[in-house]
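Working notes, beginning with the structure itself.
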Amino acid sequence: MTQLILFTEIENKICILLAQRINPNKDFYLKLNGPGGKAIHEKNENIDVCVIRECFEEAEIVLRNEKLLKIFEETCYSTKEWRAEPCLQKEAKYIVTLAIYLHPLEEPPKHTEPHTLGPWNLYKIKDLLKHRNELVPILRENIELIDGKIKAYEQDILDLPINAQKLEEIKIKMEKQPQRTQETFNFLNDIELEIPEEEIPEIVNEQFPVLALNFGKLSSYEIQTLIKYKKKIQESIRPLRRIEHKIQTIEKSYKGFKYLSIFDKIERKIIAQKFGENPIIAELSKDNTILHKFRDTIFEFEIHKSSTNKLTYLKLRLSKDQTQINGTTNGKQTWEFFHKNYSKLPLI
(Lines give C-alpha, C1' and ligand atoms only; values in the text may rest on other atoms or scores of the structure.)
Protein backbone atom coordinates (compact mmCIF):
# COMPACT_ATOMS: atom_id res chain seq x y z
CA MET A 1 0.00 0.00 0.00
CA THR A 2 1.45 3.36 -1.05
CA GLN A 3 1.05 6.99 -0.11
CA LEU A 4 2.63 9.71 -2.24
CA ILE A 5 3.51 13.18 -0.98
CA LEU A 6 3.63 15.69 -3.82
CA PHE A 7 5.23 18.79 -2.36
CA THR A 8 6.08 22.31 -3.40
CA GLU A 9 6.98 25.64 -1.79
CA ILE A 10 4.75 28.71 -1.98
CA GLU A 11 5.67 31.98 -0.26
CA ASN A 12 8.51 30.17 1.56
CA LYS A 13 6.08 27.64 3.06
CA ILE A 14 6.28 23.91 2.28
CA CYS A 15 2.93 22.64 1.00
CA ILE A 16 1.75 19.14 0.09
CA LEU A 17 -1.04 18.00 -2.22
CA LEU A 18 -3.96 16.23 -0.51
CA ALA A 19 -7.59 15.38 -1.20
CA GLN A 20 -10.47 14.44 1.11
CA ARG A 21 -11.90 10.91 1.01
CA ILE A 22 -15.62 11.45 0.28
CA ASN A 23 -16.94 7.92 -0.16
CA PRO A 24 -18.88 7.12 3.08
CA ASN A 25 -18.64 3.39 2.34
CA LYS A 26 -14.84 3.36 2.52
CA ASP A 27 -12.45 3.61 5.44
CA PHE A 28 -11.24 6.99 6.68
CA TYR A 29 -14.27 8.92 5.44
CA LEU A 30 -13.51 12.69 5.22
CA LYS A 31 -9.82 12.18 6.06
CA LEU A 32 -7.09 13.69 3.88
CA ASN A 33 -4.66 11.60 1.84
CA GLY A 34 -2.32 11.92 -1.11
CA PRO A 35 -2.34 9.84 -4.30
CA GLY A 36 -1.79 6.16 -3.62
CA GLY A 37 -3.40 2.78 -3.12
CA LYS A 38 -2.84 -0.94 -3.30
CA ALA A 39 -0.41 -2.79 -5.53
CA ILE A 40 -2.07 -5.31 -7.84
CA HIS A 41 -0.73 -8.68 -6.62
CA GLU A 42 -2.35 -10.58 -9.49
CA LYS A 43 -0.05 -8.70 -11.89
CA ASN A 44 3.01 -8.95 -9.61
CA GLU A 45 3.04 -5.17 -9.37
CA ASN A 46 5.69 -3.82 -7.03
CA ILE A 47 5.07 -0.78 -4.82
CA ASP A 48 7.21 1.57 -6.93
CA VAL A 49 5.10 0.82 -10.00
CA CYS A 50 1.97 1.05 -7.84
CA VAL A 51 2.62 4.62 -6.67
CA ILE A 52 3.40 5.76 -10.25
CA ARG A 53 0.22 4.16 -11.59
CA GLU A 54 -2.00 5.41 -8.76
CA CYS A 55 -0.71 8.97 -9.13
CA PHE A 56 -1.59 8.96 -12.82
CA GLU A 57 -5.02 7.41 -12.21
CA GLU A 58 -5.97 9.75 -9.36
CA ALA A 59 -4.39 13.04 -10.47
CA GLU A 60 -3.09 12.46 -14.03
CA ILE A 61 0.39 13.47 -12.95
CA VAL A 62 3.25 11.54 -14.54
CA LEU A 63 6.10 11.04 -12.09
CA ARG A 64 9.76 11.19 -13.07
CA ASN A 65 11.38 8.04 -11.69
CA GLU A 66 14.68 9.75 -10.88
CA LYS A 67 12.87 12.21 -8.59
CA LEU A 68 10.73 9.62 -6.77
CA LEU A 69 12.09 8.99 -3.26
CA LYS A 70 10.86 6.34 -0.82
CA ILE A 71 11.14 7.68 2.73
CA PHE A 72 9.25 5.03 4.71
CA GLU A 73 8.53 1.30 4.39
CA GLU A 74 7.09 -1.03 6.99
CA THR A 75 5.72 -4.58 6.70
CA CYS A 76 3.45 -5.99 9.38
CA TYR A 77 0.95 -8.74 10.11
CA SER A 78 -2.57 -7.37 10.04
CA THR A 79 -6.18 -8.30 10.73
CA LYS A 80 -7.38 -5.61 8.31
CA GLU A 81 -6.20 -5.08 4.77
CA TRP A 82 -6.52 -1.30 4.37
CA ARG A 83 -5.87 -0.32 7.97
CA ALA A 84 -2.73 -2.51 8.26
CA GLU A 85 -3.66 -3.13 11.89
CA PRO A 86 -0.65 -4.81 13.61
CA CYS A 87 -1.30 -8.14 15.33
CA LEU A 88 0.33 -11.46 16.23
CA GLN A 89 1.28 -13.70 13.32
CA LYS A 90 -1.27 -16.38 14.29
CA GLU A 91 -4.08 -13.78 14.25
CA ALA A 92 -3.13 -12.27 10.89
CA LYS A 93 -5.25 -12.43 7.77
CA TYR A 94 -2.91 -10.21 5.74
CA ILE A 95 0.74 -9.29 5.45
CA VAL A 96 0.73 -5.61 4.57
CA THR A 97 3.57 -3.38 3.41
CA LEU A 98 3.12 0.38 3.82
CA ALA A 99 5.31 2.85 1.94
CA ILE A 100 5.52 6.64 1.71
CA TYR A 101 7.12 8.41 -1.26
CA LEU A 102 8.15 12.01 -2.01
CA HIS A 103 8.10 13.77 -5.37
CA PRO A 104 8.12 17.50 -6.23
CA LEU A 105 4.88 18.86 -7.69
CA GLU A 106 5.69 19.90 -11.25
CA GLU A 107 2.27 20.12 -12.90
CA PRO A 108 -1.27 20.86 -11.70
CA PRO A 109 -3.36 17.81 -10.73
CA LYS A 110 -6.68 16.83 -12.30
CA HIS A 111 -9.77 15.78 -10.37
CA THR A 112 -10.16 12.36 -12.00
CA GLU A 113 -12.01 10.39 -9.28
CA PRO A 114 -14.79 12.70 -8.03
CA HIS A 115 -16.78 9.72 -6.69
CA THR A 116 -14.08 8.82 -4.13
CA LEU A 117 -11.91 11.92 -3.68
CA GLY A 118 -12.65 15.62 -3.33
CA PRO A 119 -10.65 18.24 -5.29
CA TRP A 120 -6.89 18.32 -4.81
CA ASN A 121 -5.64 21.17 -2.63
CA LEU A 122 -2.31 22.37 -1.27
CA TYR A 123 -1.95 22.24 2.53
CA LYS A 124 0.84 23.87 4.50
CA ILE A 125 2.90 21.36 6.48
CA LYS A 126 2.89 23.63 9.53
CA ASP A 127 -0.92 23.53 9.58
CA LEU A 128 -1.02 19.75 9.18
CA LEU A 129 1.31 19.34 12.14
CA LYS A 130 -1.32 21.13 14.25
CA HIS A 131 -4.30 19.27 12.75
CA ARG A 132 -2.87 15.80 12.16
CA ASN A 133 -6.17 14.13 13.10
CA GLU A 134 -7.51 15.25 9.72
CA LEU A 135 -5.04 12.88 7.99
CA VAL A 136 -5.27 9.17 7.21
CA PRO A 137 -3.28 7.14 9.80
CA ILE A 138 -0.12 6.52 7.78
CA LEU A 139 0.29 10.28 7.23
CA ARG A 140 -0.88 11.28 10.71
CA GLU A 141 1.74 9.04 12.34
CA ASN A 142 4.58 10.10 10.03
CA ILE A 143 3.95 13.79 9.40
CA GLU A 144 7.14 14.86 11.26
CA LEU A 145 9.17 12.37 9.19
CA ILE A 146 7.60 13.76 6.01
CA ASP A 147 8.36 17.33 7.05
CA GLY A 148 12.02 16.52 7.73
CA LYS A 149 12.49 14.51 4.54
CA ILE A 150 10.99 17.27 2.38
CA LYS A 151 13.43 19.78 3.89
CA ALA A 152 16.36 17.46 3.08
CA TYR A 153 15.00 16.35 -0.31
CA GLU A 154 16.48 19.07 -2.47
CA GLN A 155 19.99 18.44 -1.19
CA ASP A 156 19.67 14.68 -1.64
CA ILE A 157 17.87 14.46 -5.00
CA LEU A 158 17.47 17.67 -6.94
CA ASP A 159 20.17 19.62 -8.72
CA LEU A 160 18.08 22.79 -8.73
CA PRO A 161 14.91 24.03 -7.04
CA ILE A 162 11.74 24.07 -9.13
CA ASN A 163 11.43 27.21 -11.23
CA ALA A 164 9.55 29.92 -9.28
CA GLN A 165 7.45 30.88 -12.31
CA LYS A 166 6.41 27.25 -12.74
CA LEU A 167 5.31 27.11 -9.11
CA GLU A 168 3.12 30.17 -9.65
CA GLU A 169 1.58 28.54 -12.74
CA ILE A 170 0.73 25.44 -10.68
CA LYS A 171 -0.85 27.63 -8.01
CA ILE A 172 -2.99 29.44 -10.61
CA LYS A 173 -4.06 26.26 -12.42
CA MET A 174 -4.97 24.31 -9.28
CA GLU A 175 -8.61 25.41 -9.46
CA LYS A 176 -9.05 25.09 -13.23
CA GLN A 177 -8.94 21.25 -13.38
CA PRO A 178 -8.19 20.76 -17.13
CA GLN A 179 -9.95 18.01 -19.10
CA ARG A 180 -8.59 14.49 -18.71
CA THR A 181 -6.20 13.27 -21.38
CA GLN A 182 -5.54 9.67 -22.29
CA GLU A 183 -1.88 9.36 -23.06
CA THR A 184 1.65 8.70 -21.73
CA PHE A 185 3.02 5.38 -20.51
CA ASN A 186 5.97 6.40 -18.33
CA PHE A 187 5.04 3.90 -15.64
CA LEU A 188 5.98 1.12 -18.09
CA ASN A 189 9.62 1.70 -17.13
CA ASP A 190 9.29 -0.66 -14.17
CA ILE A 191 7.11 -3.40 -15.69
CA GLU A 192 8.91 -6.61 -16.61
CA LEU A 193 8.04 -8.70 -19.64
CA GLU A 194 6.08 -11.87 -18.92
CA ILE A 195 5.95 -13.14 -22.52
CA PRO A 196 9.23 -13.97 -24.33
CA GLU A 197 10.20 -10.89 -26.32
CA GLU A 198 10.63 -12.81 -29.57
CA GLU A 199 6.93 -13.74 -29.45
CA ILE A 200 5.79 -10.12 -29.30
CA PRO A 201 5.12 -8.49 -32.69
CA GLU A 202 6.73 -5.24 -33.76
CA ILE A 203 4.49 -2.21 -33.33
CA VAL A 204 4.26 0.32 -36.15
CA ASN A 205 3.81 4.05 -35.69
CA GLU A 206 0.24 3.94 -37.00
CA GLN A 207 -0.82 1.60 -34.18
CA PHE A 208 0.41 3.80 -31.36
CA PRO A 209 -2.42 6.42 -31.42
CA VAL A 210 -5.01 3.61 -31.41
CA LEU A 211 -3.46 2.02 -28.32
CA ALA A 212 -3.29 5.45 -26.66
CA LEU A 213 -7.04 5.88 -27.08
CA ASN A 214 -7.58 2.60 -25.20
CA PHE A 215 -5.53 3.74 -22.21
CA GLY A 216 -6.68 2.01 -19.04
CA LYS A 217 -8.15 -0.91 -21.02
CA LEU A 218 -4.99 -2.45 -22.43
CA SER A 219 -4.23 -6.13 -22.08
CA SER A 220 -0.88 -7.35 -20.74
CA TYR A 221 -0.02 -8.37 -24.30
CA GLU A 222 -0.66 -4.85 -25.62
CA ILE A 223 1.31 -3.30 -22.77
CA GLN A 224 4.29 -5.54 -23.53
CA THR A 225 4.01 -4.58 -27.19
CA LEU A 226 4.32 -0.96 -26.14
CA ILE A 227 7.38 -1.78 -24.03
CA LYS A 228 9.01 -3.33 -27.08
CA TYR A 229 8.11 -0.21 -29.09
CA LYS A 230 9.73 1.93 -26.39
CA LYS A 231 12.93 -0.17 -26.54
CA LYS A 232 13.02 0.26 -30.30
CA ILE A 233 12.86 4.04 -29.89
CA GLN A 234 15.54 3.96 -27.21
CA GLU A 235 17.85 2.08 -29.57
CA SER A 236 17.37 4.74 -32.23
CA ILE A 237 18.19 7.63 -29.90
CA ARG A 238 21.17 6.00 -28.17
CA PRO A 239 23.70 7.43 -30.69
CA LEU A 240 22.25 10.90 -30.09
CA ARG A 241 22.66 10.43 -26.35
CA ARG A 242 26.34 9.66 -26.85
CA ILE A 243 26.70 12.96 -28.72
CA GLU A 244 24.75 14.70 -25.96
CA HIS A 245 27.12 13.22 -23.37
CA LYS A 246 30.14 14.60 -25.24
CA ILE A 247 28.55 18.04 -25.39
CA GLN A 248 27.77 17.90 -21.67
CA THR A 249 31.38 16.94 -20.94
CA ILE A 250 32.64 19.96 -22.88
CA GLU A 251 30.06 22.19 -21.21
CA LYS A 252 31.02 20.85 -17.78
CA SER A 253 34.67 21.53 -18.45
CA TYR A 254 33.86 25.07 -19.61
CA LYS A 255 31.86 25.73 -16.45
CA GLY A 256 34.76 24.44 -14.40
CA PHE A 257 37.12 26.96 -15.96
CA LYS A 258 34.55 29.72 -15.59
CA TYR A 259 33.79 28.95 -11.97
CA LEU A 260 37.45 28.65 -10.99
CA SER A 261 37.98 32.31 -11.90
CA ILE A 262 39.88 33.12 -8.67
CA PHE A 263 42.78 31.22 -10.26
CA ASP A 264 44.89 32.26 -13.23
CA LYS A 265 43.71 30.80 -16.55
CA ILE A 266 46.69 28.47 -16.86
CA GLU A 267 46.00 27.11 -13.35
CA ARG A 268 42.28 26.34 -13.78
CA LYS A 269 42.60 23.05 -15.67
CA ILE A 270 45.15 21.76 -13.16
CA ILE A 271 42.92 22.75 -10.21
CA ALA A 272 39.83 21.19 -11.84
CA GLN A 273 41.68 17.91 -12.48
CA LYS A 274 43.06 17.78 -8.94
CA PHE A 275 40.09 19.02 -6.88
CA GLY A 276 37.09 18.90 -9.22
CA GLU A 277 35.26 21.75 -10.92
CA ASN A 278 33.53 22.94 -7.74
CA PRO A 279 36.06 22.25 -4.95
CA ILE A 280 35.50 23.11 -1.30
CA ILE A 281 37.69 25.51 0.66
CA ALA A 282 38.75 22.76 3.09
CA GLU A 283 40.28 20.67 0.26
CA LEU A 284 41.98 23.63 -1.41
CA SER A 285 43.46 24.72 1.91
CA LYS A 286 45.35 21.43 2.18
CA ASP A 287 47.53 22.62 -0.70
CA ASN A 288 50.23 24.88 0.77
CA THR A 289 50.76 26.66 -2.55
CA ILE A 290 47.11 27.68 -2.72
CA LEU A 291 47.04 28.58 0.96
CA HIS A 292 50.07 30.83 0.53
CA LYS A 293 48.62 32.38 -2.65
CA PHE A 294 45.34 33.42 -1.01
CA ARG A 295 46.35 33.89 2.64
CA ASP A 296 46.16 37.70 2.49
CA THR A 297 43.76 38.03 -0.43
CA ILE A 298 40.39 39.77 -0.02
CA PHE A 299 37.39 38.30 -1.84
CA GLU A 300 33.93 39.50 -2.68
CA PHE A 301 31.49 36.71 -1.88
CA GLU A 302 27.90 35.51 -1.96
CA ILE A 303 26.38 32.63 0.02
CA HIS A 304 23.67 30.92 -2.03
CA LYS A 305 20.77 29.06 -0.41
CA SER A 306 18.18 26.57 -1.63
CA SER A 307 14.42 27.13 -1.58
CA THR A 308 14.37 25.33 1.80
CA ASN A 309 16.98 27.76 3.19
CA LYS A 310 19.89 25.28 3.12
CA LEU A 311 23.35 26.60 2.19
CA THR A 312 24.21 25.29 -1.27
CA TYR A 313 27.38 26.95 -2.57
CA LEU A 314 29.87 29.78 -2.09
CA LYS A 315 30.56 32.27 -4.86
CA LEU A 316 34.02 33.91 -4.63
CA ARG A 317 35.52 36.63 -6.79
CA LEU A 318 38.76 38.55 -6.26
CA SER A 319 38.02 41.99 -4.83
CA LYS A 320 39.21 44.95 -6.86
CA ASP A 321 39.99 46.69 -3.57
CA GLN A 322 42.64 44.66 -1.74
CA THR A 323 42.80 47.06 1.21
CA GLN A 324 43.20 45.16 4.47
CA ILE A 325 39.86 44.73 6.28
CA ASN A 326 39.21 44.34 9.98
CA GLY A 327 36.30 42.37 11.43
CA THR A 328 33.23 41.55 9.36
CA THR A 329 32.70 43.53 6.18
CA ASN A 330 29.51 43.00 4.24
CA GLY A 331 30.27 41.18 0.97
CA LYS A 332 34.05 41.08 1.47
CA GLN A 333 36.21 38.69 3.50
CA THR A 334 39.50 36.78 3.65
CA TRP A 335 40.35 33.16 2.87
CA GLU A 336 40.75 32.42 6.58
CA PHE A 337 37.15 33.55 7.21
CA PHE A 338 35.78 31.18 4.55
CA HIS A 339 37.91 28.29 5.79
CA LYS A 340 36.59 28.81 9.31
CA ASN A 341 32.89 29.35 8.47
CA TYR A 342 32.14 27.78 5.06
CA SER A 343 34.87 25.19 4.52
CA LYS A 344 32.45 22.48 3.25
CA LEU A 345 30.47 24.54 0.72
CA PRO A 346 31.17 23.93 -3.01
CA LEU A 347 33.04 26.83 -4.53
CA ILE A 348 31.99 28.54 -7.78
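The values are calculated or read from the model by the stated rules, or taken from the named source; none is laboratory data. Fair warning: this is a prediction, and the values are worked out from it, not measured in the lab. Neighbour counts run over all protein chains shown; Cβ positions are idealised from the backbone, glycine included. When the accessible area is computed, the model is the full protein with side chains, heavy atoms only, and any ligands, DNA or RNA have been set aside. Shrake-Rupley method; radii C 1.70, N 1.55, O 1.52, S 1.80 Å.
If I model a spin label as a point 7 Å beyond the Cα along the Cα-Cβ vector, how far apart are those points for Thr289 and Lys344 in nm?
2.9 nm
List the GluC sites (Glu not before Pro) in the stretch 1-51 that DSSP assigns to loop (not H, G, I, E or B) and whose Cβ has at most 11 other Cβ atoms within 10 Å. Which are they?
When the GluC sites (Glu not before Pro) of the stretch 1-51 are filtered for loop state and at most 11 Cβ neighbours within 10 Å, Glu11 remain.
Ignoring ligands, DNA and RNA, what accessible area per residue does the stretch 265-346 give at 1.4 Å, in Å²?
Details: 5430 Å² over 82 residues.
For the stretch 265-346, the solvent-accessible area averages 66 Å² per residue.
What residues have an amide H closer than 5 Å to that of Ile14, excluding those fewer than 5 places away on the same chain, when H is modeled at 1.01 Å from N in the peptide plane?
Amide H neighbours of Ile14, under 5 Å, 5+ apart: Ile125.
What does the extension gain come out to for His131 and Lys231, with contour length at 0.36 nm per residue minus their alpha carbon separation?
Value of the extension gain: 31.3 nm.
So if I restrict to the alpha-carbon atoms in the stretch 265-346, what is the Rg, and what is Dmax, the biggest pairwise distance, in Å?
For the stretch 265-346, the Cα-based Rg and Dmax read 13.1, 37 Å.
Using θ = phi - 60° and the Karplus relation 6.51 cos²θ - 1.76 cosθ + 1.60, list the HN-Hα couplings for the stretch 279-293 in order, rounded to whole Hz, with x at every Gly or Pro.
These are the phi-based 3J(HN,Hα) values: x, 9, 4, 4, 5, 4, 5, 6, 8, 4, 5, 5, 4, 5, 4 Hz.
Under a 5 Å amide H to amide H cut-off, with H placed in plane at 1.01 Å, what residues pair with Leu345 once short-range neighbours are removed?
It is Ile281, by chain and number.
Between Asn278 and Lys246, what is the label-point separation in nm under the 7 Å Cα-to-beta-carbon projection?
Once both label points are built, they end up 2.7 nm from each other.
Where nothing but the Cβ of Lys and Arg (+1) and of Asp and Glu (-1) is charged, how large is the charge dipole of the stretch 1-91 around its Cα centre, in debye to the nearest 20?
Values: 13 positive and 16 negative charges, 37 e Å.
For this selection, approximately 180 debye.
Need the full-extension length gain, Ile22 to Thr97, defined as separation in residues times 0.36 nm minus the C-alpha distance. One decimal, nm.
24.6 nm
Calculate the length of the line joining the C-alpha centroid of the stretch 271-306 to that of the stretch 115-129, in whole Å.
Here the answer is 46 Å between Cα centres.
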